[in-house]
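Data first, discussion second: the structure below is written as structure tokens.
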Amino acid sequence: MSAQPERVQQKSETIAVYDAAGQVVGAADRAAVYRDGMWHASAGVLVRSGDGARIYVHRRTDTKMVFAGMHDCLAGGVVDPGEAPEETAVRELAEELGITVTGAAALRPAAKAAWDGEWLGKPMRCHLFAYELRYDGPIHHQQEEIADGWWWTDAELRAHLPDPDWPFVPDTRVLVDDLLT
């Protein structure tokens, strides 16, 4: 039996704090936001092939602070203080997949939702902003965040979502019907 990977101790990072209605109300340390179940926001990008036929799916590393080792179809992260969700999406796309776009204009708003969920027995509350990018160029994973990735059709991803042995991040799951064809 293999040992469970140890979570990497994330450095202190301040993120934007929101209220339940989706308004920014301040900032706090990321670990405190997660520990105390504070509302925050994340933005992610669904990378779709230029012809729209495939989407890029990836597996998160086993050392991520939340949803470690789970699968996702959005490259994204939490909104920093003073940052608009569109800016977060552009930043995270470059960080996680090495895709650089000029401004948020390259991204098409695709879905948004408020997720009042749970992670490891604690409340996890997040306003989610999803965007879409049509892209056929190279992808370069950030080793600390992305373990693996591949192109699938929407139908291939939908076929895997019900499989309990193929864990998919719960926050993106609430957006998936709005993201896939």
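The values are calculated or read from the model by the stated rules, or taken from the named source; none is laboratory data. Worth saying up front: this structure is predicted, and the values here are computed from it rather than measured. We place every Cβ from the backbone using ideal geometry, glycine too, and count neighbours over all the protein chains shown. The accessibility values were calculated without ligands, DNA or RNA, using every heavy atom of the protein model including side chains. Shrake-Rupley method; radii C 1.70, N 1.55, O 1.52, S 1.80 Å.
By how many nm would the segment from Glu144 to Trp166 grow when fully extended, if each residue of separation counts as 0.36 nm and the alpha-carbon distance is taken off?
Using 0.36 nm per residue and subtracting the Cα-Cα distance, I get 5.9 nm.
Would you calculate a helix-derived [θ] at 222 nm for the chain, using -39,500 (n - 2.57) for each DSSP H run of n ≥ 4 and dividing by the full residue count, to the nearest 500?
Estimated from H runs of four or more residues: -5000 deg cm²/dmol.
Between Ser12 and Ala31, what is the spin-label point distance in nm, taking each point 7 Å from the Cα along the Cα→C-beta axis?
0.9
Hey, in the GNM for the chain with a 10 angstrom Cα cutoff, which one of Thr61, Thr102, Thr14 fluctuates hardest?
Between Thr61, Thr102, Thr14, it is Thr102 that shows the largest mean-square fluctuation.
Can you give the FRET efficiency to the nearest 0.05 for Ala21 and Ala94, using r as the Cβ-Cβ distance and R₀ = 30 Å?
Plugging the Cβ-Cβ distance into 1/(1 + (r/R0)^6) gives 0.50.
Given Cα positions, please report Rg to Rh for segment 142-181, the hydrodynamic radius being the Kirkwood one.
Working: Rg = 11.3 Å, Rh = 11.6 Å.
Rg/Rh: 0.97.
Stick to Cα atoms and the Kirkwood definition of Rh, then tell me Rg/Rh for segment 95-181.
Values: Rg = 14.5 Å, Rh = 15.1 Å.
Rounded to two decimals, Rg over Rh is 0.96.
What does the accessible area of Glu87 come to, in Å² to the nearest 10, when a probe of 1.4 Å is used?
Roughly 100 Å² of Glu87 is accessible to a 1.4 Å probe.
What figure, in Å² to the nearest 10, do you get for the accessible area of Phe129 with a 1.4 Å probe and non-protein molecules left out?
Roughly 50 Å² of Phe129 is accessible to a 1.4 Å probe.
Per 0.36 nm of contour for each residue apart, how much would the distance between Thr153 and Thr63 grow if the chain were fully extended, relative to their Cα-Cα spacing? Don't skip to the end; give the middle numbers.
Values: separation 90, 0.36 × 90 = 32.40 nm, distance 2.76 nm.
Gain in length upon complete extension: 29.6 nm.
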